[in-house]
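A short write-up of the structure that comes next.
The values are calculated or read from the model by the stated rules, or taken from the named source; none is laboratory data. For clarity, every value in this text was computed on a predicted model and none was experimentally measured. Cβ coordinates were reconstructed from backbone atoms using ideal geometry, including for glycine residues, and neighbour counts include every protein chain displayed.
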Ligand code: URA
């Protein structure tokens, strides 16, 4: 029999996880999608209702907007990777609690270790608080670039926030242009 790949093993272990209470209430695990060795990784917060039902990140209303944002950067779901801080849906769309994030983070770190991205784009405050700095201020710091351990990090407003607050779209557009420039500079292989 074929030996499962590192990705298959990771997903299988993640499917079994009951490290926090969310594993018991979710419908489907939302592990992540995309190109498993992409230089560009997007990290959201956690599954919503549609994601929970379908098992895929960003398939609801916020996902449609994310697809438009990706096209501004000349990217698509097939050449980047999309994951979340927590892999199971918090009931009623509440934010994932600190202890749920802490319990789940190991999976994201394992994904990052396998992907080895050059650029990580945090979607919203929660992902930025986990991956860039604790107490990240999205209103003040969005669009800024931080380099840590050979990886470029930035954060933009979460697509759900952009659905609620149209005023944040112009500055997000500028952030997306900056991301496009960085991707072109750091990941020319994506356009070959
Ligand atoms: N919001 C997120 O943060 N992640 C998803 O997968 C969907 C909505």
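Those residues that are within 16 Å of the ligand (Cβ to nearest atom) and under 23 Å from residue 170 (Cα atoms), I need them from the range 107-128; list them, please. Walk me through it before giving the result.
Within the range 107-128, the subset within 16 Å of the ligand (Cβ to nearest atom) is 107-108, 111, 120-128.
Result: 120, 121, 122, 123, 124, 125, 126, 127, 128.
Any chance you could count how many residues in the range 32-54 are surrounded by 21 or more Cβ atoms within 10 Å (Cβ to Cβ), within 23 Å of residue 100 (Cβ to Cβ) and touching a residue at least 40 places away in the same chain (Cβ under 8 Å)?
Residues flagged as surrounded by 21 or more Cβ atoms within 10 Å (Cβ to Cβ), within 23 Å of residue 100 (Cβ to Cβ) and touching a residue at least 40 places away in the same chain (Cβ under 8 Å) within the range 32-54 amount to 9.
Does residue 76 satisfy being closer than 25 Å to residue 192 by Cα and either without any contact (Cβ under 8 Å) to a residue 24 or more places away in the chain or within 12 Å of the ligand (Cβ to nearest atom) (or both)? Steps first, answer last, please.
Values: closer than 25 Å to residue 192 by Cα: yes; either without any contact (Cβ under 8 Å) to a residue 24 or more places away in the chain or within 12 Å of the ligand (Cβ to nearest atom) (or both): yes.
Here the answer is yes, as residue 76 does meet what is asked.
Can you tell me which residue is farthest from residue 80 (Cα to Cα) among those in the range 30-50 that are part of a loop (DSSP other than H, G, I, E, B) and within 12 Å of the ligand (Cβ to nearest atom)?
Result: 48.
How do the helices (runs of 4 or more DSSP H) wholly within the range 96-192 filter down when requiring 3 or more residues that are buried (at least 18 other Cβ atoms within 10 Å of the Cβ): which remain?
98-115, 125-131, 159-164, 169-186
So for the range 57-71 (the condition being more than 10 Å from the ligand (Cβ to nearest atom) and either modelled with pLDDT under 95 or within 26 Å of residue 5 (Cα to Cα) (or both)), does at least one residue qualify?
No, the range 57-71 contains no residue that is more than 10 Å from the ligand (Cβ to nearest atom) and either modelled with pLDDT under 95 or within 26 Å of residue 5 (Cα to Cα) (or both).
Checking residue 99 against (1) touching a residue at least 40 places away in the same chain (Cβ under 8 Å); (2) within 13 Å of the chain's Cα centre (by Cα), which test does it fail?
The failed condition is (2).
Between a first residue in the range 140-169 that is more than 23 Å from residue 116 (Cβ to Cβ) and a second residue that is in a helix (DSSP H, G or I) and modelled with pLDDT under 95, which pairs have beta carbons less than 8 Å apart while being 6 or more apart in sequence or on different chains?
Hits for this filter: 160/61; 163/61.
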